[in-house]
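A.B. asks: Pasting in a structure now, in C-alpha cells, and then I'll have a few things to ask.
The values are calculated or read from the model by the stated rules, or taken from the named source; none is laboratory data. Quantities reported herein were computed from a predicted structural model and do not represent experimental measurements. Please note: Cβ atoms are built from the backbone with ideal geometry, for glycine as well, and neighbour counts cover all protein chains shown. Ligands, DNA and RNA are stripped out before the accessible areas are found, and what is left, the full protein with its side chains, is counted by its heavy atoms. Shrake-Rupley method; radii C 1.70, N 1.55, O 1.52, S 1.80 Å.
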Amino acid sequence: MGIVRPRAGQRVTAGYLDSIVPTWESWTPAWTTSGSSAPSFGDAAVDCQYAQAGDVVFFTMYIVFGPSTNFGSGSDNWRFSLPVAAASAVQTVGFGEAQDASVGGGSRLPLRARLTTTAVMELETSGGRIDNTTISGAGLIDSAMPWTWASGDMLRAWGHYPAA
C-alpha cells in the first residue's frame, strides 16, 4: 500500500480522509522460538493491535500470561510474528517492558523490540529493573531470561516499522 495523495484540484472530503486514515486492527502473533521448544499462549490475555498508514506499520502488543501458558524451555529466543511483513530486518523498531508479577510493581524491565527477519520480532532487555535488582544476564527474552516466567507476568511493546 503506497502513500495516497489527493490529485490536483481534488476536493478533500471527510469520506476521502476516512479512506486514508489507518484503522487499528487486532492481531494475534504466532509465538515461536529460535529452536525447537514450542511455547503457547494457553489462557494468556493477548491484546495486540496494528495499523498501517502508507508504508508504515504501527503496533502495540500487550500480553499477560495465564496459568496454562507454556513458556517453552531452555534458551530458545522467543519470536513473535508481525502483522504485516517488514521491508527489512531492523535493529530497533520499538520499545516495551516486561513485568515479573511475583515481585510487584518494582519488577519492570525495559525492552527493545527488533526485527530479526522481515516476518518476526524479538524482544531484548535494554536496561536493569527499575528497583535496581540485578538481572541474571541480558539479551533476547526466552523462557528463563530475564527470569523464570510464570502466570501473571506481562510483556508490553509498541513501535513502528516500514512495510514490505
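A.B. asks: Only one of Pro29, Pro22 is in contact with a Pro (Cβ under 9 Å, 6 or more places away or on another chain), of a type outside the set (Ser, Thr, Tyr) and either at pLDDT 95 or above or over 22 Å from Ile141 (Cα atoms) (or both); which?
C.D. replies: Of the residues listed, the single one that is in contact with a Pro (Cβ under 9 Å, 6 or more places away or on another chain), of a type outside the set (Ser, Thr, Tyr) and either at pLDDT 95 or above or over 22 Å from Ile141 (Cα atoms) (or both) is Pro29.
A.B. asks: Something else: Yes or no: Trp147 within 23 Å of Gly42 (Cα to Cα), at pLDDT 90 or above and among the aromatic types (Phe, Trp, Tyr)?
C.D. replies: So Trp147 does not fit the description; no.
A.B. asks: Suppose we filter segment 74-93 for residues that are open to solvent by 60 Å² or more (accessible area, probe 1.4 Å) and either assigned to a strand (DSSP E or B) or within 29 Å of Ser151 (Cβ to Cβ) (or both); how many remain?
C.D. replies: So the answer is 2.
A.B. asks: For segment 37-73, how many residues meet the condition of being under 19 Å from Gly94 (Cα atoms), open to solvent by 20 Å² or more (accessible area, probe 1.4 Å), of a type outside the set (A, V, I, L, M) and not in a loop (DSSP other than H, G, I, E, B)?
C.D. replies: 7
A.B. asks: Right, something else. May I ask you to list pairs of residues, at least six apart or on different chains, whose Cβ atoms are under 9 Å apart, with the first in segment 66-93 being without any contact (Cβ under 8 Å) to a residue 60 or more places away in the chain and under 23 Å from Ala45 (Cβ atoms) and the second being open to solvent by less than 30 Å² (accessible area, probe 1.4 Å) and of a type in the set (D, E, K, R)?
C.D. replies: Every condition considered, the pairs that remain are Arg79/Glu122; Phe80/Glu122.
A.B. asks: Something else about it: Could you pull out the residue among Gly159, Gly96, Gly106 that is at pLDDT below 85, under 27 Å from Asp43 (Cβ atoms) and not in a loop (DSSP other than H, G, I, E, B)?
C.D. replies: Just one listed residue meets the conditions, Gly106.
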